[in-house]
Amino acid sequence: MNASISPSAWQIPVDFMITKAPLGLTGAGDLTVYDANGNLVFRIKRCSRPSPHRIKTLFDAMGNPLITVVHHNDGWQAFRGNNYEWKDLIFTVEKTLYSPFKTELEVVLLGRNQGDLKPSFRLKGNPFRRSCTIFTGDSIFAQTSLCYKLQKVIYSRRKFRLTVYPRNDPVLVMAMLVAFFWR
């Protein structure tokens, strides 16, 4: 019997815990992402450089920039690393529905076929409740939810869970969530 012990071969979802820095502190609104064992995996920080656009960057645990998300007009663009050059564009995001109770976004991945601008992903949920479901076609790609505790009436919105389903890229998911939870 030849069974793989590599986690990448397992067909189980992977959970992450996301913590948002409280308002009034340095780094207010920044996100920190931990794996199920409490190890730092990602950080999302606002750009401190002056810019006409609002910018957030996704860093790995070592502090290397992975993806930079730039907000402009009514949408977002995601670039590889810490670049804003057109050749490094990974995807674009546009709002299709925004209300106090429901938000929907469409993500177009830019790949080899630049003429195909059909949405690759749909994000649906409520940013206030930290709920978001990412769909690709009719399949769920990833989901977020608040961390509920029994016997507790008020729940903190600063900590929430992200579940990434098997064979999906957590870096891509985190970059899409930056646009969804943008504030």
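The values are calculated or read from the model by the stated rules, or taken from the named source; none is laboratory data. These figures come from a predicted structure and were not determined experimentally. We place every Cβ from the backbone using ideal geometry, glycine too, and count neighbours over all the protein chains shown.
How about the stretch 65-94: which of its residues are of a type in the set (A, V, I, L, M) and in contact (Cβ under 8 Å) with a residue 24 or more places away in the chain?
LEU66, ILE67, VAL69, ALA78, ILE90, VAL93
Results for (1) at pLDDT 85 or above; (2) of a type in the set (S, T, N, Q); (3) surrounded by fewer than 16 Cβ atoms within 10 Å (Cβ to Cβ); (4) over 20 Å from VAL14 (Cα atoms), shown as yes or no for each residue.
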position	(1), (2), (3), (4)
GLY75	yes, no, yes, yes
ILE90	yes, no, no, yes
LEU117	no, no, yes, yes
PRO127	yes, no, no, yes
GLN143	yes, yes, no, no
LYS149	no, no, yes, yes
TYR155	no, no, yes, yes
LYS159	yes, no, yes, no
ASN168	yes, yes, no, no
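Do you know which residues across the stretch 65-80 are out of contact with any Ser or Thr (no Cβ under 7 Å at 6 or more places or on another chain) and over 15 Å from LEU110 (Cβ atoms)?
Scanning the stretch 65-80 gives LEU66, HIS71, HIS72, ASN73, ASP74.
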